[in-house]
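Chemist: Before anything else, here's the structure in question.
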Amino acid sequence: MNEFIVGGALAFVAILFLRAALRTVPQAHVMIIERMGRYHRTLQSGLSLVIPMIDKPSPFLMRTQGRLMMQNHVDMREMVLGLNSEQVITRDNVGMGVGSVIYYQVIDPVKAKYEIQDVGYAIDQLTRTNLRNLMGGLTLDESLTSRDHVNVRLREVLDEASEKWGVKVTRVEIREIDPPKSIQDSMALQMQAERERRAQVTTAEGQKQGAILRAEGEKAAKILAAEGDRDSQIARAEGDRQSEILRANGSAQAMTTQFKAINEAGVSPQILALKYIEALQTMSSGQNKVFIPYEATALLGALGSISEAVGTGGAKAVLPKLDQSVISAAASTAARSKG
């Protein structure tokens, strides 16, 4: 009976020993083991065996979602630290609130445990201090438009300072910038005025382009009309020239044919005089005007000789189409020639 009790007691002690000796570490976590109050080793994720009562896990202070907790494990995942709005003063003496978000990751858990007391709090205070310094060197307009510059510069400063703590600052983001209410009202008015100015500029530019297009259209229309008028005048002039050339060629051919026929027929001076008289008759067909060329006396003399040859009555019979005044003038000219 006593042996059974002793065996049971030993088994119970062994179970307690194994339970104290076995340590389970979750995934993406590590455990820092101290032996006799000094750092001994770091347990990775999984099941590990330690010496009870001698090897103890060292608690690690973690800030998770704004809460401060003591844990036996060190979280190796990327952590998020959100900072409340911090009051800063810009270079042009404008006070405003700036909120930020810090992303960091524990790279060396031993340094994070023994080089700094509270990693999250240290990063918080360092961020607030450098944020005031960076914003103090910018004007209000620059701080509103230079978020990327502030993010990069703040991350560089934090990463340099946290390197000896075994922490890597992966990203810094300016979450919000809250200027005073009066500044916000002024910015709203400025934005409205800028939009009205852009609208007016756009309207004026459209009117300008419209006027330019209309002027170019009118110019092109006038040029086309002038070119059309010029082409039509050139065409009419060319037609008139061709017509004159054709008429001149026709008259030349007719005269050539007539002279050729006269030369072949052997026309006498009396026939030529009759042709001259016919031309005079045509010219004197008006009511009040009679045109007599310079050589009319010679022609009338020739006509007088014709009248003598055929007599007065014969002349009327031969020249039935001549005007009586022309015949009388020819007879008078013939009489003066005889005298």
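The values are calculated or read from the model by the stated rules, or taken from the named source; none is laboratory data. It should be emphasised that the depicted structure is a prediction, and the values quoted were computed from it without experimental measurement. In this analysis, Cβ positions are derived from the backbone assuming ideal geometry, glycine residues included, and neighbour counts consider all displayed protein chains. With ligands, DNA and RNA removed, areas are computed over all heavy atoms of the protein, side chains included. Shrake-Rupley method; radii C 1.70, N 1.55, O 1.52, S 1.80 Å.
Chemist: Quick one: if you stick a label point 7 Å off each Cα along the C-beta vector at residue 164 and residue 222, how many nm between them?
Modeler: 8.3
Chemist: Moving on. What part of the accessible area of the range 1-156, given as a whole %, is carbon or sulfur when the probe is 1.4 angstrom?
Modeler: Here it works out to 56 percent.
Chemist: Which of the peptides 37-49, 193-205 is most tightly packed, and how do the rest follow, going by the mean number of other Cβ atoms within 10 Å of each residue?
Modeler: Numbers: 37-49: 13.0, 193-205: 10.0.
In decreasing order of mean packing, 37-49, 193-205 become 37-49, 193-205.
Chemist: Here is a follow-up. Under the Kirkwood approximation for Rh and a Cα-based Rg, what ratio Rg/Rh is obtained for the range 1-101?
Modeler: On the way: Rg = 23.3 Å, Rh = 17.6 Å.
Rounded to two decimals, Rg/Rh equals 1.33.
Chemist: Turning to a different aspect of this structure: Among 251, 199, 152, pick out the residue whose Cα is farthest towards the positive end of the charge dipole of the range 138-263, where Lys and Arg carry +1 and Asp and Glu carry -1 on C-beta, about the Cα centre.
Modeler: Value: 251.
Chemist: How many nm is it between the label spots at residue 237 and residue 12, if each spot is 7 Å from the Cα in line with the beta carbon?
Modeler: Calculated label separation equals 13.5 nm.
Chemist: I would also like to ask the following. With +1 on the Cβ of every Lys and Arg and -1 on the Cβ of every Asp and Glu, and nothing else charged, how large is the dipole of the range 1-126 about its Cα centre, in debye rounded to the nearest 20?
Modeler: Working: 12 positive and 11 negative charges, 62 e Å.
About 300 debye.
Chemist: Using a cut-off of 15 Å between alpha-carbon atoms, which aspartates and glutamates can reach residue 222, once sequence neighbours fewer than 8 places away in the same chain are excluded?
Modeler: 231
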